[in-house]
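Structure record follows, encoded as structure tokens.
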Amino acid sequence: AGRLPAAVEAYERAHAAAAAGPEPHTRRARVLGPLVWLHLQLGQVAEARARADEMQAMIDAGRVNLVSHFGSDLHEFRAALARRDGRPSAAETHLRAALRIEEKLCGPRSPTLRTALGELAGLYRRRHHFAAAAATLERMLRLEYDDPEEHARARREARLDLGSLELA
């Protein structure tokens with residue numbers, strides 16, 4: 001966490017500059033996702049929630065399309081916040097929404113699905129829905145990567161997670 005506070009400061013400065021410059025919505029959209037992620041990593045839930053609400057407001061106002069990586073990121077952040085709040089059903093709903101968006105954008109075997117699938121499998125596991133967790137991890141095994149090393153690493157991680165499910 002040593003560099004994260006400095007990164008938050010840098011992104012907050014970029015966010016303020018974006019709001020004042022040309023095309024503020026596009027420029028703000030580029031920094032909001034990393035800001036939410038950084039705040040979550042630092043345990044700054046109120047700040048993360050405020051920035052996620054700002055992302056939602058941009059979508060609601062029609063300034064950013066929901067069916068975009070921005071929209072799927074927002075759902076993943078909302079899932080993380082719901083998980084922190086002890087609302088696993090809401091977290092699952094947001095993760096499924098993120099998956100639907102990424103599937104529309106990149107296809108059902110795109111590696112961009114990896115994060116949401118991993119989070120969903122973990123959520124199922126914590127809720128003792130082991131069959132759903134296993135099916136989600138099996139789906140992760142079918143993702144296609146351009147980089148053979150990344151493909152091997154992702155498959156290895158999914159197999160390890162599947163193996164640990166068999167022990168549960």
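Can you pull out every residue in region 47-66 that is surrounded by fewer than 18 Cβ atoms within 10 Å (Cβ to Cβ), closer than 20 Å to Ala10 by Cβ and small (Gly, Ala, Ser)?
The one that is surrounded by fewer than 18 Cβ atoms within 10 Å (Cβ to Cβ), closer than 20 Å to Ala10 by Cβ and small (Gly, Ala, Ser): Ala50.
Report yes if Arg96 is out of contact with any Ser or Thr (no Cβ under 9 Å at 6 or more places or on another chain) and either buried (at least 20 other Cβ atoms within 10 Å of the Cβ) or more than 26 Å from Arg156 (Cα to Cα) (or both), otherwise no. Step through it out loud before you land on a result.
On the way: out of contact with any Ser or Thr (no Cβ under 9 Å at 6 or more places or on another chain): yes; either buried (at least 20 other Cβ atoms within 10 Å of the Cβ) or more than 26 Å from Arg156 (Cα to Cα) (or both): no.
No.
Among the residues of region 67-83, are any more than 19 Å from Trp37 (Cα to Cα) and either loosely packed, with under 15 Cβ neighbours inside 10 Å or free of Cβ contacts under 8 Å to residues at least 40 places away in the same chain (or both)?
The answer is yes, given that some residue of region 67-83 is more than 19 Å from Trp37 (Cα to Cα) and either loosely packed, with under 15 Cβ neighbours inside 10 Å or free of Cβ contacts under 8 Å to residues at least 40 places away in the same chain (or both).
With region 1-104 as the region, which helices (runs of 4 or more DSSP H) entirely inside it contain at least 2 residues that are closer than 30 Å to His129 by Cα?
24-41, 45-60, 69-84
Can you tell me which condition Val45 does not meet? The list is (1) more than 19 Å from the chain's Cα centre (by Cα); (2) modelled with pLDDT of 95 or more; (3) of a type in the set (Val, Ile, Thr), and all the others hold.
Against the list (1) more than 19 Å from the chain's Cα centre (by Cα); (2) modelled with pLDDT of 95 or more; (3) of a type in the set (Val, Ile, Thr), Val45 comes up short only on (1).
Inside region 135-167, can you point out the residues that are in a helix (DSSP H, G or I), of a type in the set (A, V, I, L, M) and either open to solvent by less than 30 Å² (accessible area, probe 1.4 Å) or at positive phi (or both)?
Keep residues of region 135-167 that are in a helix (DSSP H, G or I), which gives 135-141, 148-167.
With of a type in the set (A, V, I, L, M) added as a condition, the list becomes 135, 137, 140-141, 152, 154, 158, 160, 162, 165, 167.
Residues satisfying the conditions are Leu137, Met140, Leu141, Ala154, Ala158, Leu162, Leu165.
The values are calculated or read from the model by the stated rules, or taken from the named source; none is laboratory data. All values derive from a computational prediction rather than experimental measurement. Note: ideal-geometry Cβ built from the backbone for every residue, glycine included; neighbour counts use all protein chains shown. SASA here: full protein model, heavy atoms, side chains in, ligands and nucleic acids out. Shrake-Rupley method; radii C 1.70, N 1.55, O 1.52, S 1.80 Å.
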